[in-house]
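A.B. asks: Got a structure for you, written out below as structure tokens; questions coming shortly.
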Amino acid sequence: MSEIIFTDQNFEQEVFKNPGVALVDFYASWCGPCKIQGPIVEQLAVEYVGKAKIGKLDVDANNQIASQFQVMSIPTIIIFKNGQPKERLVGLQATEKLRAKLDELL
């Protein structure tokens, strides 16, 4: 498993202090579209090993970070560069679209 499990506790170290690109999938275990998005994020995590940090944040278990970024709908994907949010995508996203957004920022 190459994806990172982001939490309220590790978010600062893994994302805010990350000098590169990080893709965070804000999800919940009960969310239907999130269950479809999950494998896409997992696949990208494998493809982008060593290039970007890619993982998921469970909004129910980590509501501090979800609130900080005003995540109201899930799935929401936020792509960060140098600790700053650069792209926000709400709803189910295709692999190709996420690849294109990551490649833009790398």
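A.B. asks: For the stretch 5-17, which residues satisfy the criterion of being closer than 15 Å to Ala61 by Cα and in contact (Cβ under 8 Å) with a residue 24 or more places away in the chain?
C.D. replies: Ile5, Phe6, Thr7, Asp8, Phe11
A.B. asks: Mind checking which pairs have a first residue in the stretch 18-41 that is surrounded by 14 or more Cβ atoms within 10 Å (Cβ to Cβ) and a second that is at pLDDT below 95, Cβ under 7 Å, 6 or more apart or different chains?
C.D. replies: Hits for this filter: Val41/Glu3.
A.B. asks: Give the stretch 57-93 a look and list any residue that's in a strand (DSSP E or B), under 17 Å from Lys17 (Cα atoms) and not hydrophobic (A, V, I, L, M, F, W, C), or say none.
C.D. replies: Correct list: Lys81, Gln84, Pro85, Lys86.
A.B. asks: Next up: Scan the stretch 17-32 and tell me whether some residue there is outside any loop (DSSP other than H, G, I, E, B), in contact with a helix residue (DSSP H, G or I) (Cβ under 7 Å, 6 or more places away or on another chain) and not hydrophobic (A, V, I, L, M, F, W, C).
C.D. replies: Start the filter on the stretch 17-32 by keeping residues that are outside any loop (DSSP other than H, G, I, E, B), which leaves 21-27, 32.
Remaining after also requiring in contact with a helix residue (DSSP H, G or I) (Cβ under 7 Å, 6 or more places away or on another chain): 21-27.
Checking which are not hydrophobic (A, V, I, L, M, F, W, C) leaves us with 25, 27.
There is at least one residue in the stretch 17-32 that is outside any loop (DSSP other than H, G, I, E, B), in contact with a helix residue (DSSP H, G or I) (Cβ under 7 Å, 6 or more places away or on another chain) and not hydrophobic (A, V, I, L, M, F, W, C).
The values are calculated or read from the model by the stated rules, or taken from the named source; none is laboratory data. These figures come from a predicted structure and were not determined experimentally. Methodologically, a virtual Cβ is constructed for each residue, glycine included, from the backbone with ideal geometry; neighbour enumeration extends over all protein chains shown.
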